[in-house]
Amino acid sequence: MMDPKLETLLKVTETLNFSRAAKQLSLTQPAVSHHINKLEEELGYKIFIRKKGELKLTSEGEIVVMYAKRIKSLYDKMQQSLSDENSKITKLTVGITHTAESNYIAEVLAKYSSQNKGVTITIISEASKILYNMLLNYEIDLAIVEGTMKNPNINSLLLDTDYLVLVVSNNNHLIKKKIVTLDDLKKENMILRLPSSGTSNLFISHLESLNMSIDEFNVILEVDNIATIKDLIRRDFGVSILARSACLNELRKGKITILPIENLSMPRQINILYNKDFKHTDTLKSIVQIYNDTVKLYK
């Protein structure tokens, strides 16, 4: 059984209020205070700073909460694994980036699940940094992301190599060019992913390597949803920089055009990340095989 003091800690961290935490845990407020005080006593560090009725985590408290979340995820995962073993059902939680969500990753996971009786997959879409933390905390089993993670406890399996491209409408005057220059691009209205996205970061870092700034370009919109960006491009509201893999379906149907940019090569790897103690390596091999077979259908 998971230590109830850690359960209390996580609820207090969530509510930042002893009374609300006590109500949600069906405990008295003194019992909640006792759990936190006892935990601070055992660890030898203050977890919360209490000032004017407000609670704030100390730097040590943030570390305790990080590991408490990890412990809870491991405990929940143990219960799930025991349940799966008893019912002969496998449940996987896979985190994917928004870019991966826009290509055929979801299709690949759906194929894997349909081909393997008793397998249920839950897909969570988040930014890479959030998925890294979720993987470390065992909140997800796999993370499919652009790039990799430098951590000795995390293994990486190359799924594909992708690259960023200029995406324009079929009516845009740039389609007459075989290759677009950065000066050409400066004259266009640009619709980009949010600055926090891996796509924008990669584009900006390549510009900086050429001693250029994103401020030199006419960025009229920043949008998180890739489907929305592609829809705006089709309607000729602007051009964008997106992963080629996120545009394959539209390319196949002739809805948009992609163009190379002179002196700007932007490749990146798509990897499956997993904890070293992940036991279902046969699952990884199957996903890679289905991915490769699916890619051929889009070429």
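Some observations on this one:
- The slack in the chain from Leu194 to Leu221, taken as 0.36 nm per residue of separation less the alpha-carbon distance, amounts to 8.8 nm.
- For the stretch 182-194, backbone phi angles converted through the Karplus equation (6.51, -1.76, 1.60; θ = phi - 60°) give residue-by-residue couplings of 5, 5, 4, 5, 5, 8, 9, 6, 10, 10, 10, 5, 4 Hz, Gly and Pro being listed as x.
- Cβ-derived FRET efficiency at R0 22 Å, Leu251 paired with Ile124, nearest 0.05: 0.25
- When each of the peptides 212-218, 191-197 is scored by how many other beta carbons lie within 10 Å of its residues on average, the order from highest to lowest is 191-197, 212-218.
- If only the Cβ of Lys and Arg carry +1 and only the Cβ of Asp and Glu carry -1, the dipole of the chain around its Cα centre is close to 460 debye.
- Zone of Thr228's modelled label, taken as backbone nitrogen in the stretch 192-210 under 19 Å from a point 7 Å along Cα→Cβ: 192-201
- The chain: most fluctuating residue of Ala68, Ala21, Ala243 per GNM, C-alpha cutoff 10 Å: Ala21
- The alpha-carbon of Lys46 sits under 22 angstrom from the alpha-carbons of these lysines, leaving out residues fewer than 8 places away in its chain: Lys5, Lys11, Lys38, Lys56, Lys69, Lys72.
- Farthest towards the positive end of the charge dipole of the stretch 4-65, among the residues Phe18, Val64, Leu39, is the Cα of Phe18, using unit charges on the Cβ of Lys, Arg, Asp and Glu.
- Segments 153-165, 35-47 sorted - mean Cβ within 10 Å per residue, highest first: 153-165, 35-47
- Lys117-Thr181 FRET efficiency (beta carbon distance; Förster radius 45 Å; 0.05 resolution): 0.25
- Anisotropy class of the stretch 1-157 from Cα gyration tensor, a/c 1.5 cut: prolate
- Square roots of 5 times each gyration tensor eigenvalue, C-alpha, the chain, largest first, Å: 43, 26, 16
- Summary of packing: across the peptides 175-187, 285-297, the per-residue average of other C-beta atoms within 10 Å ranks them, highest first, as 285-297, 175-187.
- Among the listed pairs Lys111/Lys279; Lys150/Lys253; Lys150/Lys279, those with a Cα-Cα distance over 29 Å are Lys150/Lys253.
- Each Lys and Arg Cβ is given +1 and each Asp and Glu Cβ -1; about its Cα centre, the stretch 161-268 then shows a dipole of about 580 debye.
- Between the helical axis of 59-87 and the longest alpha-carbon principal axis of the chain there is an angle of about 90 degrees.
A short reminder: the numbers here are calculations on the coordinates, not readings from a lab. Only a predicted model underlies this, so the values are computations on that prediction, with no experimental measurement involved. For neighbour counting, all protein chains shown are included, and Cβ atoms are generated from backbone atoms with ideal geometry for every residue, glycine included.
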